[in-house]
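The values are calculated or read from the model by the stated rules, or taken from the named source; none is laboratory data. Not measured: the values here are computed from a predicted model. Positions of Cβ are backbone-derived with ideal geometry, glycine not excepted, and every protein chain shown enters the neighbour counts.
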Amino acid sequence: NMKTGWLNDGGTWYWIQPSGAMFANGWLKIDGVDYYFNASGAWLNTSGSVLGVNRSSLVNWLMSHENDGYYRGTRYDTHLSQETCMYPKGDPRWDGYTGMNCGGFVSLAYMKAGGNLAPIAAEQSHSPWSGGPGRGGCVNAYRWYGYAIDTCTNVTYFNSIDELLRSGLARKGDIVFFNPYSPYADDSHIGFFWGNSPSENLFWHSDGYGNRISGLTALGPSKVILIR
């Protein structure tokens with residue numbers, strides 16, 4: 001008689017269906033709770049919380065708009081203000097204006113998933129600038145990085161994108177922040193890891209090409225930081 005239900009193999013949890021086959025690659029409701037399993041059948045703990053938003057809420061919101069043009073294709077805006085950088089095609093400003101930057105997209109996704117963005121705008125000392133991270137409030141990516149450090153969110157540093165992908169740590173919906181080695185020459189960048197497995201190189205972000213899902217992309221030589 002094949003055991004069904006939860007199976008723990010070397011610290012990784014799997015779900016064995018009544019057929020004996022392992023469930024893989026998607027969400028499964030077990031006893032009223034949604035669990036996410038990657039392509040190899042491993043349960044991804046989606047309960048990581050940033051701004052009080054659990055991962056499954058964030059990922060569910062983003063997945064619901066992955067293919068409808070709500071975010072993707074929204075033009076990139078360079079003004080670094082909440083008045084110009086938080087308006088996707090699916091939710092334009094009152095006058096029809098649309099535009100997002102990298103931090104605006106991340107902020108908007110968290111806000112739509114129920115997050116309170118006020119802590120992001122707090123002053124902190126984790127940017128390259130002596131006077132603090134500067135203008136833009138929550139659309140300023142350095143403010144997300146500082147918030148992560150100051151709130152003891154799980155922050156892991158990598159020397160390269162390849163090192164991050166090989167680590168096995170990245171989970172769909174994690175924030176990836178690129179901290180440039182030369183901040184006066186290169187901009188920081190932020191977006192969501194979007195791979196269905198820790199090694200799948202997919203990144204949902206807003207850059208000069210607009211809002212898109214591509215491979216992980218830094219804007220210059222950068223430290224790669226996983227925030228969850």
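A few comments on the model shown:
- Test for residue 94: is it surrounded by 14 or more Cβ atoms within 10 Å (Cβ to Cβ) and farther than 23 Å from residue 188 by Cβ: no
- Among the residues making up the stretch 140-149, those that are crowded, with 23+ Cβ neighbours inside 10 Å and either aliphatic (A, V, I, L, M) or under 21 Å from residue 213 (Cβ atoms) (or both) are 141, 144.
- Taken across the stretch 7-14, residues that are surrounded by fewer than 19 Cβ atoms within 10 Å (Cβ to Cβ), in contact (Cβ under 8 Å) with a residue 24 or more places away in the chain and aromatic (Phe, Trp, Tyr) do occur, with at least one present.
- When the stretch 210-221 is filtered for residues that are in contact with a Ser or Thr (Cβ under 9 Å, 6 or more places away or on another chain) and modelled with pLDDT of 95 or more, the ones remaining, listed by number, are 210, 211, 212.
- Of the residues making up the stretch 164-174, those that are surrounded by fewer than 23 Cβ atoms within 10 Å (Cβ to Cβ) and of a type in the set (A, V, I, L, M, F, W, C) are 165, 169.
- Flag if residue 69 is part of a loop (DSSP other than H, G, I, E, B) and either under 19 Å from the mean Cα position of the chain (by Cα) or on the phi > 0 side of the Ramachandran plot (or both): yes
- Subset of the stretch 81-101 [closer than 24 Å to residue 174 by Cβ and either in contact with a Gly (Cβ under 6 Å, 6 or more places away or on another chain) or not assigned by TED's automatic domain parsing to the domain that holds residue 175 (or both)]: 82, 85, 86
- When the residues of the stretch 196-217 are filtered to those that are buried (at least 20 other Cβ atoms within 10 Å of the Cβ) and part of a loop (DSSP other than H, G, I, E, B), the one that is nearest to the chain's Cα centre (by Cα) is 216.
- Search result, residues across the stretch 150-163 that are surrounded by 15 or more Cβ atoms within 10 Å (Cβ to Cβ) and part of a helix (DSSP H, G or I): 161
- Residue within the stretch 152-173 that is under 20 Å from residue 66 (Cβ atoms), in the same structural domain as residue 109 (by TED's automatic domain parsing) and not basic (Lys, Arg) present: yes
- Yes/no for residue 178 being touching a residue at least 24 places away in the same chain (Cβ under 8 Å), touching a Phe, Trp or Tyr at 6+ places or on another chain (Cβ under 7 Å) and among the hydrophobic types (A, V, I, L, M, F, W, C): no
- Qualifying residue in the stretch 29-37 (condition: out of contact with any Gly (no Cβ under 6 Å at 6 or more places or on another chain), more than 20 Å from residue 209 (Cβ to Cβ) and part of a helix (DSSP H, G or I)): no
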